[in-house]
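Q: Sending over a structure as structure tokens; questions will come in a sec.
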Amino acid sequence: MPELKLPFLGHGGDYNPDQWRDRPDILEEDVRLMKLAGCNLMSVGIFAWSALEPREGEYDFGWLGDVLDRLHAAGISVFLATPSGARPAWMSRRYPEVLRVRPDGQRNLHGERHNHCFTSPVYRAFVGRINRALVERFGHHPAVVGWHLSNEYGGECHCALCQQAFRAWLKARYGTLEALNRAWWTGFWSKTYSDWEELHSPSPVGETSIHGLNLAWRRFVTHQTADFMRAEAAPIREVTPELPVTTNLMEIFGGLDYFEFCRDLDFASFDSYPRWGGPDGEWTALCAAFNYDWMRTLKQRPFALMESTPSQVNWHDVCKLKKPGMHLLSSLQAVAHGADTVQYFQWRKSRGAAEKFHGAVVDHVGHEHTRTFREVQSVSGALAKLDDVRGAMPEVRAALLFDTQNRWALEDCQGPRRDMGYLETVLEHYRALRRHGVALDVIDETCDFERYHLVAAPMLYMLRPGVAERLEAFVRRGGTLVCSCRTGCVDEDDLCFLGDFPGPLRQTLGLWVEETDALYDGEANGIRMNDGRSYTCRALCDRIHPETAETLGVYTADFYAGEPCVTRNGLGEGAAYYIATRPDAEFLDDFYTGIADRAGLECPLRGLPVGVGAMARGGLLFVMNFTGRAVRASLPEGVDVLAGRRTGGETELPVNGVLAIRPGR
Ligand code: GAL
Ligand code: ZN
């Protein structure tokens, strides 16, 4: 697998010269401004299909060649994009099968983007042809250092071709209709299928109540999208096997199983649009960091921050400007967590259409004398001093298990609450561990657990085959496992485990769950620990029966007051904890402080003020102030390579301050 090997930390953005072909002066000026901004990496051609193939079979690549030559002459590298994210109108008109069909069976009209059928042989053929032409013409151009496939793959198509492909996929997965009927429990409501042709994707005007079908469909969508992506990458892999291939992924995206999807990519890249400037800076920063940790873990490689905005977006409900310093801070946060590039949507604001007010390095004013431009320059200045981190992976010995297929199953789950709060729960555990300074991978059920000391796996509702066994082996060999309510309920087809929950994790956790109470929003129960500390909890309360587990805390209210709520099961060399409810932040903070100490996790800079993040990468310790105010923190002795100043002892961190400390005297 080719790696992303840049001789520098990448800095640049989506560049759309296709929109400015009638303005050679602007195309020239772009290069001057890129050099001035300290940019060295542009993503080119992402939505350029109608400029590249204005009429069927007529390619116009000359302008793109000029752009690549010009960038190369200026020492700027390029991720060359394939244009499949949006197609020309002539294609939809002549070949309507390329248009996506909605779940209600209605075919879309031509419009928008990201709206093609992933199965259509016609679309695949068009994409294959233009990609081959692009790679043959430009694959060996000295500016090109990698491929940017399409844009933000996502969505689904319900056309007849996709239904056929779905049925074929089901046949391959289940073999026989009997096996499928059994796995989906179709005896319920008389759903038994008697012919493969009866199978159809879930639809609001059809079937939504077979959870096994819903899960299968979502798995198929990942499979089919990845299959499309493989097909579009085939000519590229053939002609330029040495160049790494990526596509840009989205924030906490649940439409695709990214671990599965990314098996075909050489490195992950990410589009990051946090709501900076909101009321809770710590939470915003945590969500961003969570995504970065996920992206790094997907391939266990540094990732590209493929998109971010240098100022504001145009699609949040309220699009705040990044306050002074926030752009540098937020960019270096991605680097601290594993990014080898800082890139933007977009280089230059378009003059018209949907994104004309989306932030860009170059505004409509067209020159460099803007605050945003200076903030971007500050990032190039910093990146030049951070070369130590390039290619480096942080040392990580703890993992948070966030499994997309589990998320699908939980989202579909009917009872005991409509919203099970999986994502929020995962983020709450993440916050507690990060507050304690623990570096985390964000893994899924298919990842190797053995490389970690601690695996936190809240709400692991759906256990795919072998996962419980691997978790048990992990604990027996000395690992620490943390589970919480709604664990081990269903198998990979969404069938409940018989013999009660937590199903195949019963022995590992040393308990069984008799029933689960649901609390109204705003309603709470309490937890009292053996040492007397007490906390609140909410949403869900399992009533549990410890078998080999010891009780660490009990409920304080309702008819199950005094019953166990927090347990620990020693097993082999390790231990498995169970938190039978959704506890408050104070509980998780205290709980993970104890756990991290016992699991021997080294925490850089524990005890930082809440909202100040720390992350070590490539021998540098990044300290990042997301609190929105100046705070005092105790820093290790060393040198902040950004400011070129010695550090040590109590120090004031300015608003949006960021340091990269090389420890030492
Ligand atoms: C991304 C997309 C870009 C641009 C950007 C705006 O999701 O890939 O093309 O639309 O959002 O923030
Ligand atoms: Zn389709």
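The values are calculated or read from the model by the stated rules, or taken from the named source; none is laboratory data. A quick note: this is a predicted structure, and the numbers were derived from the prediction, not measured. Heads up, the Cβs are rebuilt from the backbone with ideal geometry, glycines too, and the neighbour counts pull from every protein chain shown.
Q: With the structure loaded, tell me whether Ser201 is more than 16 Å from ligand 1 (Cβ to nearest atom) and part of a loop (DSSP other than H, G, I, E, B) or whether it fails that test.
A: Criteria met by Ser201.
Q: Checking the conditions here, which among Cys483, Cys413, Cys447 is surrounded by fewer than 23 Cβ atoms within 10 Å (Cβ to Cβ), in the same structural domain as Val566 (by TED's automatic domain parsing) and touching a Ser or Thr at 6+ places or on another chain (Cβ under 9 Å)?
A: Cys447
Q: Collect the residues in the range 425-477 that are acidic (Asp, Glu), more than 21 Å from the chain's Cα centre (by Cα) and farther than 24 Å from Leu498 by Cα, keeping them in residue-number order.
A: Glu450
Q: When you go through Gly338, Gly352 one by one, which is the residue that is at positive phi and either of a type in the set (Asp, Glu) or not assigned by TED's automatic domain parsing to the domain that holds Leu621 (or both)?
A: Of Gly338, Gly352, the one residue that is at positive phi and either of a type in the set (Asp, Glu) or not assigned by TED's automatic domain parsing to the domain that holds Leu621 (or both) is Gly338.
Q: Let me ask you something else. Pick from Gly618, Gly574, Gly628, Gly594: which is assigned by TED's automatic domain parsing to the domain that holds Gly522, under 31 Å from the mean Cα position of the chain (by Cα) and over 22 Å from Arg528 (Cβ atoms)?
A: When all the criteria are applied, what remains is Gly574.
Q: If you check every pair at least six apart or on different chains, which have Cβ atoms under 9 Å apart with a residue in the range 265-284 that is touching a residue at least 40 places away in the same chain (Cβ under 8 Å) first and a residue that is among the acidic types (Asp, Glu) and surrounded by 21 or more Cβ atoms within 10 Å (Cβ to Cβ) second?
A: Close Cβ pairs satisfying both conditions: Phe267/Asp340; Ser269/Glu307; Phe270/Glu307; Asp271/Glu307; Ser272/Glu307; Tyr273/Glu307.
Q: Oh, and also: If you scan the range 173-201, which residues turn out to be within 17 Å of Thr119 (Cβ to Cβ) and crowded, with 17+ Cβ neighbours inside 10 Å?
A: Leu199, Ser201
Q: Residues being more than 8 Å from ligand 1 (Cβ to nearest atom), polar (S, T, N, Q) and either at positive phi or over 20 Å from the mean Cα position of the chain (by Cα) (or both): count how many of those fall in the range 302-321.
A: Count: 2.
Q: Residue check: is Asn115 within 16 Å of ligand 1 (Cβ to nearest atom) and in the same structural domain as Gln19 (by TED's automatic domain parsing)?
A: Spelling it out, Asn115 is indeed within 16 Å of ligand 1 (Cβ to nearest atom) and in the same structural domain as Gln19 (by TED's automatic domain parsing).
Q: Sort out for me the strands (runs of 3 or more DSSP E) sitting completely within the range 423-507 that have 2 or more residues that are in contact (Cβ under 8 Å) with a residue 12 or more places away in the chain and not hydrophobic (A, V, I, L, M, F, W, C).
A: Result: 480-484.
Q: While we're looking at this one, here's another question. Report every pair of residues separated by at least 6 positions or lying on different chains whose Cβ atoms are under 7 Å apart, first residue within the range 299-317 and in a loop (DSSP other than H, G, I, E, B), second modelled with pLDDT under 95 and surrounded by fewer than 19 Cβ atoms within 10 Å (Cβ to Cβ).
A: Here the result reads Arg301/Glu3, each pair linking the range 299-317 to a residue that is modelled with pLDDT under 95 and surrounded by fewer than 19 Cβ atoms within 10 Å (Cβ to Cβ).
Q: Just name the residue that is farthest from Gly13 (Cα to Cα) out of those in the range 355-393 that are of a type in the set (D, E, K, R) and assigned to a loop (DSSP other than H, G, I, E, B).
A: So in the range 355-393, the residues of a type in the set (D, E, K, R) come out as 355-356, 363, 368, 371, 374-375, 385, 387-388, 390.
Subset that is assigned to a loop (DSSP other than H, G, I, E, B): 355-356, 363, 368, 385, 390.
Working: Glu355: 15, Lys356: 16, Asp363: 14, Glu368: 16, Lys385: 20, Arg390: 18 Å.
Out of the qualifying residues, it is Lys385.
Q: Another question, then. Cβ-Cβ distance below 6 Å, separation of 6 or more or different chains: which pairs start in the range 7-24 with a residue that is over 16 Å from Ala143 (Cβ atoms) and end on one that is hydroxyl-bearing (Ser, Thr, Tyr)?
A: Gln19/Ser350
Q: Assess whether Gly628 counts as being touching a strand residue (DSSP E or B) at 6+ places or on another chain (Cβ under 7 Å), at positive phi and not hydrophobic (A, V, I, L, M, F, W, C). Before the answer, list the steps.
A: Details: touching a strand residue (DSSP E or B) at 6+ places or on another chain (Cβ under 7 Å): no; at positive phi: yes; not hydrophobic (A, V, I, L, M, F, W, C): yes.
No.
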